[in-house]
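Below is one structure, written out as structure tokens; comments come after it.
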Amino acid sequence: MKFKFKKTLVFFMLLIFSFSILGCSKGTSGSEKKFKAGKYTAEAKGHNAPLKVEVEVDDSSIKEIKILEHKETPGISDAALKDIPKGIVEAQTLAVDTISGATITSNAVIVAITEALKQAGGNIDELKKKSKDEDVKKEQVTKETDVIVVGAGGAGMSAAVAAAEKGAKVIVLEKMPMIGGNTIRSGGAYNAVDVERQKAQGIEDSIDKHYTQTYEGGDKKGESKLVKILVENSLEGKKWLESYDMKFNDKIGSVVGSLWPRTHQASDPAGIGYMNALKKAADKHKVEILLNTKATELIMNNGKVVGVKAEGEKNLYEIKSKKAVVMASGGFAANVEMRTKYVPNLTKDMKTTNHPGATGDGIVMGEKVGADLVGMEYIQLLPMAIELTGPTINVENSIFINKEGNRFINEDNRRDKLCEAILKQKDGQYYMINDSQIVKETNELGDKISELIEKGVVKKADNLDELAKAIGVPVENLKKSVEEFNKAVDKKSDAFGRGVWKNKIEKGPFYATLRYPAVHHTMGGLKINEKTQVLDKSGKVIPGFYAAGEITGGIHGGNRLGGNALPDTIVFGKIAGENAANEK
């Protein structure tokens, strides 16, 4: 009996000892330190300049991440600067996705945060592992509204605001993590005849002249009625934007391929001012915008478009429209397979100026419901692309020289003619030559000139001899090209047939930028009528279906004039939104 009691006592003591060992083991694991608690700062190279972050950690977790300093492009970089720090804190991992359309900024944010976590003693290899959370099943969501707009670029946001102004409830679907589309990446140039202001600058212009240059500049391939709507309403569209605090520079000029000085330049860099004004208007009118939400299918009922199916990050949507759907999802310049289908030589080797979401999704969806397409073979190259996303410089103060140092083209020619001539030069490239006046005259480059020089994209020299050596062209040829151009400015005439004249190239420092053509604008797309209603292959209206912006065809014909894209998005976006809201 005594032996049995002792045996039982030993068993319980061993059991208690085992639990105490387990408890100690568990306690040690729970108090394991992952970081040295505190706040740490670090920098990484961003798109435009160094980007600085502050990361706060406690012993076991990442508590907060702040972006302290950056010079990234507003609008384009916003999602990366906001969502990546938030995602890292929520998932406690560095293995987060970059933001499509803002890859350089995304990587800079991740690199800077990584450096800060290294300072905090974090195990970077462990932090780079994906979270083990299981994929969450997406929830099916059904919604209803008056008007659905697919795409939150210039045309889509114009349509949304115009519809909301008419009292319609509007939902905008945008597959990218930010609004803006190609509009926010544009040069901000807006062509519109403004006779009074042009006359004050000594410029003679008219609606008829704008119409003729647009129609003939597109090789008479455009739909004349649509061209007329564009040129007659572009100034009204500009004033509409200004009613939402959009700002333009006082002077009217011309951009590459515009053919005439009727270009109103946005005061803010690129297309930022357009999107800020439209977002402000959308907020005022309570437009609902769903980002990271890709439209996948149009919903039909008895031949009428009555809604859209879409996929978001957490939800699968089926949204019904009581009035209409406006398709404004952009062109297809970023879709190599689609563009080579129509123009085989535009392979992946040819870069594009477009944002990565310009893949023609809306054209495909439209085709599936019977929409007709027009002008798909007309794809424009921009002669002004540079290695980084760069500005479009005013051609009034510029000449183009090849790698031999010689001028070879009239710089204010049509874009297609410019590209044709450029591709015949050595390496299919050229240098754009400017003097110090571009810093004063061109807002898109003026606020970034130092960064571009630092990155080697723009070469700067005090005189032409040094500039020629910097870019590797014969000194005498460059000097001769500039000298002959300056003489031509006095005469307002040269052998190349240039028509736009302003300043000589004579005030140092001098600048040279290596440039080349890139896929820029797809002129073809869904066929529309004057009300922006989408037409089927028999020319009949598809009820409940409108389209505006680069997704449409038939406006620019075989070639788009520089500065005509933004009025296209605003004018036809506004018409589409108003007509969609007026549907019964």
**Report entry** Ala152 being within 27 Å of Lys82 (Cα to Cα) and not in a strand (DSSP E or B)
**Finding:** yes
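In segment 461-499, which residue that is over 20 Å from Ser254 (Cα atoms) and not in a helix (DSSP H, G or I) is modelled with the lowest pLDDT?
Restricting to residues being over 20 Å from Ser254 (Cα atoms) and not in a helix (DSSP H, G or I), the top hit is Ala495.
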**Report entry** Elements of type strands (runs of 3 or more DSSP E) in segment 500-584, at least 1 residues being of a type in the set (S, T, N, Q) and modelled with pLDDT under 95
**Finding:** 510-522
Report task. Select from segment 74-86 the residues that are crowded, with 21+ Cβ neighbours inside 10 Å and not in a helix (DSSP H, G or I) and list them in ascending order. Result -> Gly75, Ile76, Ser77
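Being in contact (Cβ under 8 Å) with a residue 12 or more places away in the chain, of a type outside the set (Phe, Trp, Tyr) and assigned to a helix (DSSP H, G or I) is the requirement here; does Thr105 meet it? Give the steps one after another, and end with the answer.
Working: in contact (Cβ under 8 Å) with a residue 12 or more places away in the chain: yes; of a type outside the set (Phe, Trp, Tyr): yes; assigned to a helix (DSSP H, G or I): yes.
Criteria met by Thr105.
Tell me the residue from Ser243, Ser224 that is within 27 Å of Val147 (Cα to Cα), out of contact with any Leu (no Cβ under 7 Å at 6 or more places or on another chain) and hydroxyl-bearing (Ser, Thr, Tyr), please.
Working: Ser224 fails: within 27 Å of Val147 (Cα to Cα).
Exactly one residue qualifies, and that residue is Ser243.
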Query - Output for segment 243-266, where each listed residue is touching a residue at least 24 places away in the same chain (Cβ under 8 Å), surrounded by fewer than 17 Cβ atoms within 10 Å (Cβ to Cβ) and more than 21 Å from Lys199 (Cα to Cα) - result: Tyr244, Asp245
**Report entry** Residues located in segment 299-313, provided they are part of a strand (DSSP E or B) and either of a type in the set (Phe, Trp, Tyr) or in contact with a Ser or Thr (Cβ under 7 Å, 6 or more places away or on another chain) (or both)
**Finding:** Val306, Gly307, Lys309, Ala310, Glu311
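The values are calculated or read from the model by the stated rules, or taken from the named source; none is laboratory data. Everything numeric in this text was worked out from a predicted model, so none of it was measured. All Cβ positions, even for glycine, are placed from backbone atoms using ideal geometry, and neighbour counts span all protein chains on display.
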